[in-house]
1. In this structure, does residue 155 turn out to be under 24 Å from residue 48 (Cβ atoms) and either exposed (fewer than 14 other Cβ atoms within 10 Å of the Cβ) or not assigned by TED's automatic domain parsing to the domain that holds residue 88 (or both)?
2. Mind listing just one residue for me: the one in the range 253-277 that is at pLDDT below 80 and part of a loop (DSSP other than H, G, I, E, B) and, of those, nearest to the chain's Cα centre (by Cα)?
3. Kindly indicate the residue of the range 110-126 that is surrounded by 15 or more Cβ atoms within 10 Å (Cβ to Cβ) and either closer than 14 Å to residue 342 by Cα or modelled with pLDDT of 80 or more (or both) and also farthest from the chain's Cα centre (by Cα) among those meeting that condition.
4. Could you tell me whether any residue of the range 400-407 is modelled with pLDDT of 70 or more and either crowded, with 17+ Cβ neighbours inside 10 Å or in a loop (DSSP other than H, G, I, E, B) (or both)?
5. Scan the range 132-153 for residues that are touching a residue at least 24 places away in the same chain (Cβ under 8 Å) and touching a strand residue (DSSP E or B) at 6+ places or on another chain (Cβ under 8 Å) and jot them down.
6. Counting just the residues of the range 169-180 that are within 22 Å of residue 424 (Cα to Cα) and crowded, with 21+ Cβ neighbours inside 10 Å, which one comes out farthest from the chain's Cα centre (by Cα)?
7. Only one residue in 131, 166, 183 is surrounded by 20 or more Cβ atoms within 10 Å (Cβ to Cβ) and part of a helix (DSSP H, G or I). Which one?
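The values are calculated or read from the model by the stated rules, or taken from the named source; none is laboratory data. Note that the coordinates shown come from a computational prediction; the quantities given were computed from them, not determined experimentally. Here the Cβ positions follow ideal geometry from the backbone for every residue, glycine too, while neighbour counts run over all protein chains shown.
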């Protein structure tokens, strides 16, 4: 089975691409939106002392945890304290909460299952409202933390807090709107592409920093070569696992229609090994951001006696620490099973197969089919969860052995590879749709000409 990239290379030629004007418009719109996003990552918030904040951020002795991850996802916007410093992380956190509530809160569960398109629109609206609330809370925490730090801002006070909260929340809202516009009028998923652009933007500086460490003698050439080989091997492994699937044979019975037999076709039900995609890694990373955020802004605060344990616990929830890796793995496995359960329903699939007369050979339609699908899906989810956990924890083990010199994570690699594959697949579908549209137009023109003129001669 050829990959999307191989199919794109086989079907794409300059002639077909040049004629796909709609695809040109979509690609230009997507590139323009990403350009606007990148410009916004260089616009600082009002009142910030950029040089002092950059020195604070790059202090090797500082505990930044969350700030490093925010900076990676935002394409360096955090170290410049730009208007897009929050990026789309509040939207991702809101999506987590809404999806969890959709599984445990009966009214929202009813909206998701029985509401159809209107129910999904209403849940999306709830997600937007919650995004605003989370963005306000996170931006207020950042503003209060910056206001308490001496030398980072020009004029501390209530006006700085209000302007920072307004700017950061407005930046997140704008990015959410921009992502929705890219999804509707561009190519690919807008929110995923924004995160993708942020990660790719810091990749050259990351490579340059690793080369600088090797040049200065702080990292051996063998270690650098090992990291490069491991990165390539991990990317190949991710592509293989994202394409892997279990195909279940579906048989349709033969039936008599007049004097001829119809039916008896065979098809396949593809079940991806990683049904949840990259969502579990993003969700787990987002939740683990909270303790490190607390640690960052309470490091220099005078805590009461009964909260003296907080710095000790949050210090263990940083990259490379055993407690962080254990919680990371547990959250990834949980979200793999949770997201798979809400995206694929074995009972509904079995019922649809029964309605259309399809069945799995050797398995009775209905309840037994649903049980078998659940059994197969559970085994696949175990493999998929183990794969995502391994990819995400491998860089963490390197961080624990090499220190904080490694500046990329498994989550970022997963996002980059997955978004690239999805975008390539969408471009290919756009090209194929354009080719089919051209063939249909030619067939219609030939049909009209044939009806008006003489019948073609047969050889």
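1. Numbers: under 24 Å from residue 48 (Cβ atoms): yes; either exposed (fewer than 14 other Cβ atoms within 10 Å of the Cβ) or not assigned by TED's automatic domain parsing to the domain that holds residue 88 (or both): yes.
Yes.
2. Looking at the filtered set, the residue picked out is 265.
3. 111
4. We begin by selecting, within the range 400-407, every residue modelled with pLDDT of 70 or more; these are none.
Within the range 400-407, not a single residue is modelled with pLDDT of 70 or more and either crowded, with 17+ Cβ neighbours inside 10 Å or in a loop (DSSP other than H, G, I, E, B) (or both).
5. The answer is 146, 152, 153.
6. Narrowing the range 169-180 to residues within 22 Å of residue 424 (Cα to Cα): 178-180.
The next check asks that each one be crowded, with 21+ Cβ neighbours inside 10 Å; those that pass are 178-179.
On the way: 178: 16, 179: 12 Å.
Top of the filtered list is 178.
7. Working: 166 fails: surrounded by 20 or more Cβ atoms within 10 Å (Cβ to Cβ); 183 fails: surrounded by 20 or more Cβ atoms within 10 Å (Cβ to Cβ).
Residue meeting the stated conditions: 131.
So that you can scan it fast, the table gives a plain yes or no per residue for (1) without any contact (Cβ under 8 Å) to a residue 24 or more places away in the chain; (2) within 28 Å of residue 108 (Cβ to Cβ); (3) in a helix (DSSP H, G or I); (4) over 26 Å from the mean Cα position of the chain (by Cα):
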site	(1), (2), (3), (4)
327	no, yes, yes, no
340	no, yes, yes, no
351	yes, yes, yes, yes
371	no, yes, yes, yes
